[in-house]
Every structure is written in structure tokens, then in C-alpha cells.
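Taking it in order: structure first as C-alpha cells, then the write-up.
Only the coordinates and a few stated rules stand behind these numbers; no lab work does. Just so it is clear, the structure is predicted and the values come from calculations on it, not from any experiment. No Cβ is skipped: glycine too gets one built from the backbone with ideal geometry, and neighbour counts run over all protein chains shown.
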Amino acid sequence: MRITNKIMQNNSLSNINTNKILQDKLNTQMSTQKKINRPSDDPVIAIRALRLRSSLSEITQYYEKNVPDATSWLEVTDDSLATVSKVLEEMYNDCEKGASDTLQASDRAKILESLKGLKNEIYSTGDVDYAGRNVFTGYRTGTKLTFQKDTHQTFTITEQLRREDIDSVTYVKSYSGTTAGNTKQLTDVNEVNYDDPANVIKENDIETKDVYRIRLAYGDLDAMQAGMKIQYGPNAKDADGNITFPAGNELTVTRSANSYDTPDPYTTLGADEVIYVQDTGELLLGKNAYEKLAACKDNPDTQDINEGEIRITYDKSDWKKGDLNPVHYFACSSKPDPAGSTIHYNKDYLNNVHEKQEIEYDVGFNQTIRVNTTADEVYTHNIGRDVDEMIDAVEDVIEMEGFVEKMEALVKADPADRDAQEKLDAANKTLTYLKDRMRSMFTKGMTKTQGYMNQTNQAVADCGTRGARLELIENRLQSQQTTFDTLASDNENADLTKVVIELSSAELSYNAALMATGKVVQNSLLNFL
């Protein structure tokens, strides 16, 4: 093959250009500190860079956003649960004091004030929120746990109970006779009317009565007329999956009354009766009615049906500030706007579908963690209802002690006053019964409060366990972020030392090529002709 000067010139220029391209490439790497400037420079590095960047972006999202958000939620929850634990501990101490036989009048007044304060505090901690989201209300993070002000809104509520929800209550009868008319409660007697012939209350009229009852979640319900139904098991599911109760498995509320009525509903309760006590939200069960409900028992072999269910539906319209919102606990319905449609809440509860409203955060690759504690795990209705009853029991004792003092003053002024002595004897007997009932209630309150404390401690432990797990995940993510950041850097970033050396070598080669080419192109065939 004949090599001409033109060929040598073209080859020299091509090689010089190639050297210049390399020099430009190295210069770009040194300026950008990156191995490649476009994917075509090195497809392998480009593909690996995309994968590493994607993984690093996910880890950064988990580590810098999701995990801190979840940690803050858990911390807010833990602080609230700690407050609940302290409140329950104080409540237990009050119950312990109240159960003492040596309790003085001043002690009772202190316990009364303490219980009232604790009742207001126990549920207010459930309204805590994190970044505008209520932490104890499940998926309804925009709805507070309690009503924030006195509200008038009608809710139709269905409570699903068990036979374990039936307990007994002790009533102290402190009036004479069994019919209405001129009969008065002992507490209606005073220094002026104690000798009125209509006030024939004597010591023998005072008695106690234990009555079985179902204490509903709320008191002060809308007027419940006779004919109200209580359905009970065994139940079953129909073809559409709806729970049905067999015909005849129901009790009828025979009448309604108030706890302060004379005659009272407690001592006049018939064996087949079910009486609704409107001011307390109690359903008093006669002996036969109680036996029917107590016979309800769930079959453990059927997981989707509760054959022992006791179902009661009622309406409540007037809500006080601090009352628990039923939408977080029961199957219920309401019509907030009279012109709007009815809204149904937790409708699946009626078919035994109780989905746990757990809020989970993605905190890693295919890894989630639950951050919320739901209200039913801590803030049960029974806590407030128990406190209300203990408050009522203390107030009854304090009221009767005041009446005893008045009668003692009358007897002391006139020892021969038989009317005053009769009322004093009746009052002392009533006071003895009321103190016994109060002590018994506080003793039971200790057991119940201990149960609430155990329930809260379990929630605290669960929250702490999730927090500890989240801390481990955070540490692992931190390590992964460092590792992927290093891998991405090694893959994309240029080694400046190596680039500088190669650039210097390329420049030297370029200059040498220029010199060699200059010598080659100086001579041609014409120089020898």
C-alpha cells in the first residue's frame, strides 16, 4: 500500500483530534468531578447511578421524613398515656382512701373535689393531636375524641354488649311507703317540716336493695318510652351476611323512671320488668329478665358471630363538653344537617366486623410500623361512669351527714321531741347504709381502676415497644444511607488525582504529537525532485 503525504497528514490530524477529545473529556471530569456527563459516555455507570439514586432517595424519605414523623407521633401518644397513668394512679389512691372505715367528713370533701378534677382530666388527654391530626381517633384524625362544647345533635347509638356487662347496684331506700302522694324522701325533710304528719319516715322504713342492671355508655338519654327492645343471642348470619336474632329473643322495657322518684324504680322492680332509669342511663333487670340475659354465651368455635351478644339501641341528643363522641366507639347514625342525609358510622360493627383502625407508616423497604393507639384501648366509657357513681355516692353521704347534724341539733334542743328523734334514727340508719355503699363502691373502684391501669400500662408498653423498634430501624436506615451514599459517590464521582495525572499525560502526548506532525509535514516528494 502506497502511503502518501496526504494520508500521513490526515492520520496525524485524526490522532491529534482523538487526543484533544480525550483531553476535553478529562478536563470536563476535572471541572464537574463526575465520571460521565451524559448516559452515552458510559451506559453501565449511568444505569447503576439511576438505581443507586432511586434507592438513596427512598432511604432519605424514610430516614429524614417518615421516621421522624412516626417518632413524633409515638412520643405524643406516650406522653398522653403517661398522663392517663398518673390520673388513674391518683384515682386509685382516692378509692383506697374512700374505702377506709376511718374516713372523716373533711376527707370525703377532699376526695370529692379530687374525683371531679380527675374526671375532667381523664378524657381531655385523649384530645391531644399531632400536626393537626388527633392521635387516638383511628382513621378519623379530623374528629376530636370528645365534644369540645355543649352540643345538640341526635345520634342513634347501638351498643353491643355481653353478659359480663351486667352488674349489680345497691340502692338505699330512705322514704316511707311504696306509693306516691305525700310521701317524701328523707333528704326532703328539714327543720321546718320534720314534724309534718305527711313526713312519717321511720327507722324501719330504711332498707337497701341490690338490683341487676345494664349501665349504658351514656346517661341523660332522650326519653325512652315503654316498648323499647333489648335483643340478645343466640344470633346467626343470614344469606346476606347480616346478624339476625331469633324471634322472641328480646326483652321489652316496661317503663321508665328517674332514680330520685318516689316510689323508686329499684325497690319496686318486678321479676319480669325492665326499667329504664332516665337520669342515670341504667336498665334495671328483674330476676327473670336477668336470667335470660345471663344465659347468653358466645360459642368460641364461631369466630364471625357472637351468640352471646346483647344489643340495645337508643337516642341521645344533648351532649356536654367532655362527653366521648360515639362515632369512635359504636355503630351509630346521625343527621348533622336537618336538610342533609343521614350519616352512618361503623355500620359493619353490627355484623361483627370490627376493623382495627391502625395507622401505619412506611419506614423501610417493605416495612411498616403502627404509630397510633385507638381510643378503645385506653379511654373507655366505664372510667367516667365509675367516677360519676363514686362522686354521687360521696355526695349522698355528705348530704346525709348534713341532715343528721340538723336533726341532732333539734334533738339536743328538745330531747322529748319524738318527731325529731324518729327522723334522727332514720337518718343515722340511712347514713350507715350510705357509708357502707360508698365504701363498697370505692373497694370495687380499686379493682376496676387497677384494671384500667393495667390496660393503660399495656398500651404504654405497646407504644414503647414500637418506639424501640422504630429506633432500631432508624439506626439501620442511617447506616444504609451512608452506604448507598458512598456507593453512589464511588460510581459517579471522578478520582481527581487520577484525572489530573491522565490530563497531564494527555497534554504531554498532545504537545508531542503536534511537534512530530510539524516535522512530518515539512517534507514532501517535491523536496527531492
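Report, in deg cm²/dmol and to the nearest 500, the calculated mean residue ellipticity at 222 nm for the chain, where each DSSP H run with n ≥ 4 adds -39500 (n - 2.57) and the sum is divided by the residue count. Each step should come with its number before you reach the end.
Details: 8 runs with 240 residues, N = 529.
Calculated at 222 nm, the ellipticity per residue is -16500 deg cm²/dmol.
As an exercise, use a Förster radius of 56 Å and the Cβ-Cβ distance of D41 and K149 to find the FRET efficiency, rounded to the nearest 0.05. Don't skip to the end; give the middle numbers.
Working: r = 67 Å, r/R0 = 1.20.
Rounded to the nearest 0.05, the efficiency is 0.25.
Of the beta bridges DSSP finds with both residues in the chain, what % are antiparallel, to the nearest 5?
95
Which GluC sites (Glu not before Pro) does the stretch 358-458 hold that lie in a coil by DSSP with at most 14 other beta carbons within 10 Å? Walk me through the intermediate numbers first.
Numbers: sites: E358, E360, E377, E389, E395, E399, E401, E405, E408, E422; in loops: E358.
Filter output for the stretch 358-458: E358.
To the nearest 20 debye, what charge dipole does the chain have about its Cα centre, counting +1 at the Cβ of each Lys and Arg and -1 at the Cβ of each Asp and Glu?
The calculation lands at about 3780 debye.
Between (i) 0.94; (ii) 1.07; (iii) 1.72, which entry matches Cα Rg over 2.2 N^0.38 Å as derived from the coordinates of this structure?
Here the calculated entry is (iii).
When the Cα centres of the stretch 22-75 and the stretch 324-400 are compared, how far apart do they sit, in Å?
Centre-to-centre distance over Cα atoms comes out at 47 Å.
Take the alpha carbon atoms of the stretch 149-356, find their radius of gyration, then divide it by 2.2 N^0.38 Å using N residues; give the quotient.
On the way: Rg = 20.3 Å, N = 208, 2.2 N^0.38 = 16.7 Å.
Its radius of gyration relative to the 2.2 N^0.38 Å reference: 1.21.
Just to be sure I understand the rule: take each whole DSSP H helix in the chain, project its Cα atoms onto its long axis, keep it if the span is 15 Å or more and its mean Kyte-Doolittle hydropathy is at least -1.0. Which ones pass? Numbers along the way, then the final one.
Numbers: long enough: 5-32 (40 Å, -0.93); 43-61 (27 Å, 0.39); 67-98 (46 Å, -0.37); 105-124 (29 Å, -0.52); 381-413 (49 Å, -0.08); 418-492 (106 Å, -0.98); 496-520 (35 Å, 0.70).
Counting only whole DSSP H runs, the qualifying helices are 5-32, 43-61, 67-98, 105-124, 381-413, 418-492, 496-520.
Along the Cα→Cβ direction, 7 angstrom out, place labels at D392 and D167. What is the inter-label distance in nm?
My value for the distance between the label points is 1.2 nm.
How far apart, in nanometres, would the label points at D188 and E64 be if each is projected 7 angstrom from Cα along the Cα-to-Cβ direction?
7.5
Can you work out the FRET efficiency for the pair N382 and L472, with r the C-beta to C-beta distance and R0 = 25 Å, to the nearest 0.05? Don't skip to the end; give the middle numbers.
Working: r = 36 Å, r/R0 = 1.45.
Rounded to the nearest 0.05, the efficiency is 0.10.
If I model a spin label as a point 7 Å beyond the Cα along the Cα-Cβ vector, how far apart are those points for Q458 and T28 in nm?
6.6
Using a Cα-Cα cut-off of under 24 Å, which lysines could be cross-linked to K34, ignoring same-chain neighbours fewer than 8 residues away?
Cross-link targets: K20, K25, K498.
Please list, short to long, the whole-number percent of alpha-carbon pairs of the stretch 258-353 in consecutive 5 angstrom bins beginning at zero.
All Cα pairs, binned at 5 Å, distribute as 2, 10, 14, 16, 16, 16, 14, 9, 3, 0 percent.
Got the relative contact order for the chain handy, in percent, Cα pairs under 8 Å and 6 or more residues apart? Mind dumping the intermediate values first?
On the way: 807 pairs, mean separation 131.1, N = 529.
The value is 25 percent.
Can you tell me the relative contact order of the stretch 149-356? Whole percent, Cα pairs under 8 Å, sequence separation 6 or more.
30
From the cross-link list K119/K149; K202/K423; K116/K144; K149/K356; K202/K406, which pairs have alpha carbons spaced over 18 Å apart? Don't skip to the answer; put the middle values down first.
Numbers: K119/K149 16 Å; K202/K423 6 Å; K116/K144 22 Å; K149/K356 28 Å; K202/K406 16 Å.
Correct reply: K116/K144; K149/K356.
Counting other Cβ atoms within 10 Å, which trypsin sites (Lys or Arg not before Pro) in the stretch 349-424 have at most 10 and lie in a DSSP loop? The partial results should precede the final answer.
Values: sites: K356, R370, R385, K406, K412, R418, K423; in loops: K356.
Qualifying residues, ordered by number: K356.
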